[in-house]
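Working notes, structure below.
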Amino acid sequence: MARRILVVVVALLAGVALVAVLIGTSGPAPRSRVQGPEPGSRGTAGGTTAPAVAAGHGTPAHPVGDHVVVGMAATADGGGYWLVASDGGIFAFGDAPYLGSMGGKPLNAPIVGMAGSGPSAGVSGYWLVASDGGIFAFGTAGFQGSMGDRPLNEPIVAIAPSPEGRGYWLVASDGGIFAFGDASFLGSMGGKSLNAPIVAMAGFRPSAGGSGYWLVASDGRIFAFGTARFQGSTGGRPLAHPVVSMAADPASGGYRLVAADGGIFAFGDAPFEGSMGGGVLNRAVVGMGATPSGRGYWLVGADGAVYALGDAPYEGSVGVLPLAGLTVAVDPGHDGGNGGDPAAINRPIDGGGFTESCDTAGATTADGYTEHGFNFDVAIRLEALLRAEGATVVSTRTTDTGVGPCVDVRAAIGNGSGAAVAVSVHADGGPVGGRGYTVIMPAPVVSPISDNRSIVAPSALLGTDVRDSFGSDTGEPTSSYDGQDGLITRDDLGGLNLSTVPKVLIECANMANSTDAGLIETPQWRQGAARGIADGIRSFLTAGLKV
Ligand SMILES: [Zn+2]
C-alpha cells in the first residue's frame, strides 16, 4: 500500500501562492506501473552507423504511425538513447535497452516526456510522464508517486530525474514543481506571473553534492533553483522559434536550450557543438539529451528524426507520418439539401461585422452536376489523403443530403477542433467564358464577434502553397476572371472572417464554363484536385515547424 504525505509549503515571499508538493515515499501504484516488453512496440537497437550530424533525417528505421515523438532520454554512458511517442511507444537505440512501453495501451492523457532513471553507469530504466501527471516506470526506474489522480492547474510538460535516480521532479506549464522520491522540492514558479509557459526542465548534480534544477520557458527565460546556477538566458531577446527543451551539461554545470527549429543556445561553460537552426527540418524539434562528457547532444524532432551533434553518437531514428499529431478541418461548401430549404439557408447570420445569409445552394454545371456534390466528393478524397499522411480530419459535414450548417458554424467547427489549418472546398459559378481556379485568402477583419488578424499572414502562406500544388497536380490554369495568379484576398466571407485558424477557400474550377465542367465531372480530375489541396496543406504544415 502506498503511503503518501501531502506537504503544503507556504511560500514566505509576499505575493507567492501556496505550492503543494506531493511526495510519494514508497510503493507502486498498480494502474500506473507497467513492466515487461511488448514486442509490437519494440525499437530495434544497434547495428546502425551513420555520419554524426543530422543523420537519419528522412531515413526512418521504424514507421511509427500517427503519433508524434515527444521526447528522448540518453543512457548514462551516452552510448544510446530512447525516444518516446505521444502514445507511450518507446524506441531504443544504441546501448539503450528496451524495457517496455505504453504503446497500444489506453492512456488518460498523452505522454509528454521521459527521463532516464539515473546517472550511474549500469542503471537501466526510464519513466514516462503524461500531461495529467501520470507516471509509468520501467526497468530499474522506481515508481515514486504521480499526479495522475490529482487535479492540476496546468498540464505537466516535463520530468527530470533526481541526482541519485531514486526520484523525479515534474513541472507544469505554469512552473509548478512536484517532487517525488528522493527529489527535493527547492522552489517553483507556481503562482507567479510568467511571460511565457514553462516547456522543459533539467536537473543538476554538482560533484560537491546537493541538487538543483532549472526551468525554461518558451521565450527562453531560465529559472534556477537549489544548486543549479543561473548562467544566462535568451529571455527578452526575440526568438524566431520558441524554446522547446533544455539539457544540463553534466560536466560543467552549464546548460543548453534548443528552439523548435533546432537552434541551440549554450550557457555557462557548456560548449556549443553545432545546431540545426537554419537547416531544413520537416517537423519541430521536441526534445534533447546530452552526453556525459559535455561535448555532445542529440536533438529529436516530432517526426522522429534524430540529430547527433558533437560527440553524441547517431544510433538510429524513427519516422512518423508527415502530418502525425496535426488536425485539419475540411469544409465541403454548401449541402445537398440547401436548395430545398430556402428558409433555413436564407436566414441572416453575422459574418463578422456584416450580415450575410446562412449559406446558398451553390453552383451547377449546364448539364446539372451540382457544386455541393463536387465539393463533397473532393472533400472525401482530400480527407482520405490527409488521414493517410497521419492527420486527424474534422469535417463540417459528413453527408451530402442535409441542410447547412451555416457558414458561421462551419468556421466554429474548425476553430473548436484544435485544427492547425482549415480549408473550404468550392467550385465557382463564374462567367461562361472564364476558366480556372482561385484560392481565396482572408483579409484582416475585426468585428464585435471576431478578430482574424492573427491568421492573415499564415493563411497567405497556406494560400500560396495550395495555389502552387493545385495547379501542378491538376493542370488547371489559374482563374482568367478572378484574382491575380490564382490568389485573391477578401473581407466579405464569414467563413474566413470568423476563422481563428489559418484558412483558405478554393474555387477549384468554373462550373459555368464547358471546358472546366467536362474536367470536374471526371473522378480522375477530382482526385487530382484533392491531391493538390492535400499537397498544399502538407507543404504549409511541415514548413511551419509544427510540433
Ligand atoms: Zn460555393
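The values are calculated or read from the model by the stated rules, or taken from the named source; none is laboratory data. Treat the numbers as computed from the prediction; the structure is a model and nothing was measured. Quick reminder, even Gly has a Cβ in these numbers, built from the backbone with ideal geometry, and neighbours come from all protein chains shown.
Might you check whether a residue that is assigned by TED's automatic domain parsing to the domain that holds Ala270 and in contact with a Leu (Cβ under 8 Å, 6 or more places away or on another chain) occurs anywhere in segment 118-125?
First, the residues of segment 118-125 that are assigned by TED's automatic domain parsing to the domain that holds Ala270: 118-125.
Next, only the ones that are in contact with a Leu (Cβ under 8 Å, 6 or more places away or on another chain) stay: 124-125.
There is at least one residue in segment 118-125 that is assigned by TED's automatic domain parsing to the domain that holds Ala270 and in contact with a Leu (Cβ under 8 Å, 6 or more places away or on another chain).
Would you mention how many residues in segment 293-308 are surrounded by fewer than 24 Cβ atoms within 10 Å (Cβ to Cβ) and either part of a loop (DSSP other than H, G, I, E, B) or outside the structural domain of Met72 (by TED's automatic domain parsing) (or both)?
Result for segment 293-308: 3.
Of all residues in segment 338-356, which are outside any loop (DSSP other than H, G, I, E, B) and either of a type outside the set (Asp, Glu) or within 15 Å of the ligand (Cβ to nearest atom) (or both)? Walk me through it before giving the result.
Applying the first criterion (outside any loop (DSSP other than H, G, I, E, B)) to segment 338-356 yields 338-340, 342-345, 348-350, 355-356.
Asn338, Gly339, Gly340, Pro342, Ala343, Ala344, Ile345, Pro348, Ile349, Thr355, Glu356, listed by residue number.
Return the residues of segment 310-324 that are buried (at least 24 other Cβ atoms within 10 Å of the Cβ) and within 20 Å of Arg381 (Cα to Cα); say none if nothing qualifies.
Answer for segment 310-324, where residues must be buried (at least 24 other Cβ atoms within 10 Å of the Cβ) and within 20 Å of Arg381 (Cα to Cα): just Leu323.
Just for segment 409-430: of the residues that are within 16 Å of the ligand (Cβ to nearest atom) and part of a strand (DSSP E or B), which one is farthest from Leu541 (Cα to Cα)?
Per the criteria, the residue is Asp428.
Each row is one residue, and each column tells you yes or no for (1) buried (at least 20 other Cβ atoms within 10 Å of the Cβ); (2) of a type in the set (A, V, I, L, M, F, W, C).
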position	(1), (2)
Gly336	no, no
Gly339	no, no
Asn346	no, no
Phe354	no, yes
Gly373	no, no
Phe376	yes, yes
Ala388	no, yes
Val407	yes, yes
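Can you name the number of the only condition in (1) over 30 Å from Ala115 (Cα atoms); (2) more than 25 Å from the chain's Cα centre (by Cα) that Asp331 fails?
(2)
Checking the structure you have, find out if any residue of segment 378-387 is assigned to a loop (DSSP other than H, G, I, E, B), more than 16 Å from the ligand (Cβ to nearest atom) and hydrophobic (A, V, I, L, M, F, W, C). Quick ask: steps written out before the conclusion?
As a first pass, look at segment 378-387 and keep what is assigned to a loop (DSSP other than H, G, I, E, B): none.
No, the conditions are met nowhere in segment 378-387.
Which of the helices (runs of 4 or more DSSP H) found entirely inside segment 473-547 contain at least 3 residues meeting this: within 19 Å of Asp367 (Cβ to Cβ), touching a strand residue (DSSP E or B) at 6+ places or on another chain (Cβ under 8 Å) and in contact (Cβ under 8 Å) with a residue 40 or more places away in the chain?
Details: elements: 494-497, 514-520, 523-543.
Because the criterion is at least 3 residues that are within 19 Å of Asp367 (Cβ to Cβ), touching a strand residue (DSSP E or B) at 6+ places or on another chain (Cβ under 8 Å) and in contact (Cβ under 8 Å) with a residue 40 or more places away in the chain, the helices (runs of 4 or more DSSP H) in segment 473-547 that meet it are 514-520.
Just one of Asp331, Asp359, Asp335 is within 16 Å of the ligand (Cβ to nearest atom), in contact with a helix residue (DSSP H, G or I) (Cβ under 6 Å, 6 or more places away or on another chain), of a type in the set (Asp, Glu) and not in a loop (DSSP other than H, G, I, E, B); which is it? Quick ask: steps written out before the conclusion?
On the way: Asp359 fails: not in a loop (DSSP other than H, G, I, E, B); Asp335 fails: not in a loop (DSSP other than H, G, I, E, B).
Answer to the check: Asp331.
Just to be sure before I move on: is Phe374 among the aromatic types (Phe, Trp, Tyr), in contact (Cβ under 8 Å) with a residue 60 or more places away in the chain and more than 14 Å from the ligand (Cβ to nearest atom) in the structure I sent? Walk me through it before giving the result.
On the way: among the aromatic types (Phe, Trp, Tyr): yes; in contact (Cβ under 8 Å) with a residue 60 or more places away in the chain: yes; more than 14 Å from the ligand (Cβ to nearest atom): no.
Taking the combined requirement at face value, the residue does not satisfy it.
Checking Val244 against (1) within 22 Å of Gly187 (Cβ to Cβ); (2) at pLDDT 95 or above, which single condition isn't satisfied?
(1)
Being away from the ligand (no atom under 16 Å from the Cβ), at pLDDT below 95 and of a type in the set (A, V, I, L, M, F, W, C) is the requirement here; does Leu323 meet it? It would help to see each step written out before you state the result.
Numbers: away from the ligand (no atom under 16 Å from the Cβ): yes; at pLDDT below 95: yes; of a type in the set (A, V, I, L, M, F, W, C): yes.
When the stated conditions are applied, Leu323 passes them.
Given the structure, is Thr438 away from the ligand (no atom under 16 Å from the Cβ), farther than 13 Å from Pro502 by Cβ and either more than 21 Å from the chain's Cα centre (by Cα) or not assigned by TED's automatic domain parsing to the domain that holds Ile537 (or both)? Walk me through it before giving the result.
Values: away from the ligand (no atom under 16 Å from the Cβ): no; farther than 13 Å from Pro502 by Cβ: yes; either more than 21 Å from the chain's Cα centre (by Cα) or not assigned by TED's automatic domain parsing to the domain that holds Ile537 (or both): yes.
It is false that Thr438 is away from the ligand (no atom under 16 Å from the Cβ), farther than 13 Å from Pro502 by Cβ and either more than 21 Å from the chain's Cα centre (by Cα) or not assigned by TED's automatic domain parsing to the domain that holds Ile537 (or both).
Please state which of the following conditions Ala270 fails to meet, knowing it meets all the rest: (1) free of Cβ contacts under 8 Å to residues at least 40 places away in the same chain; (2) under 30 Å from Pro502 (Cα atoms).
(2)
For Ser480, all conditions in the list (1) surrounded by 17 or more Cβ atoms within 10 Å (Cβ to Cβ); (2) within 15 Å of Asn510 (Cα to Cα) hold save one; what is the number of the exception?
Every condition holds for Ser480 apart from (1).
Somewhere in segment 481-492, is a residue polar (S, T, N, Q) and out of contact with any Gly (no Cβ under 9 Å at 6 or more places or on another chain)? Show your work before the answer.
First pass over segment 481-492, keeping only residues polar (S, T, N, Q): 484, 489.
Pick out the ones that are also out of contact with any Gly (no Cβ under 9 Å at 6 or more places or on another chain) and you get 484.
Yes, segment 481-492 has at least one match.
Taking the condition of a type outside the set (S, T, N, Q) and not assigned by TED's automatic domain parsing to the domain that holds His241, does Glu315 pass?
Working: of a type outside the set (S, T, N, Q): yes; not assigned by TED's automatic domain parsing to the domain that holds His241: yes.
The answer is yes for Glu315.
Mind checking which residues of segment 219-242 are surrounded by fewer than 21 Cβ atoms within 10 Å (Cβ to Cβ), free of Cβ contacts under 8 Å to residues at least 40 places away in the same chain and of a type outside the set (D, E, K, R)?
Answer for segment 219-242, where residues must be surrounded by fewer than 21 Cβ atoms within 10 Å (Cβ to Cβ), free of Cβ contacts under 8 Å to residues at least 40 places away in the same chain and of a type outside the set (D, E, K, R): Ala224, Thr227, Phe230, Gln231, Gly232, Thr234, Gly236, Pro238, Leu239, Ala240.
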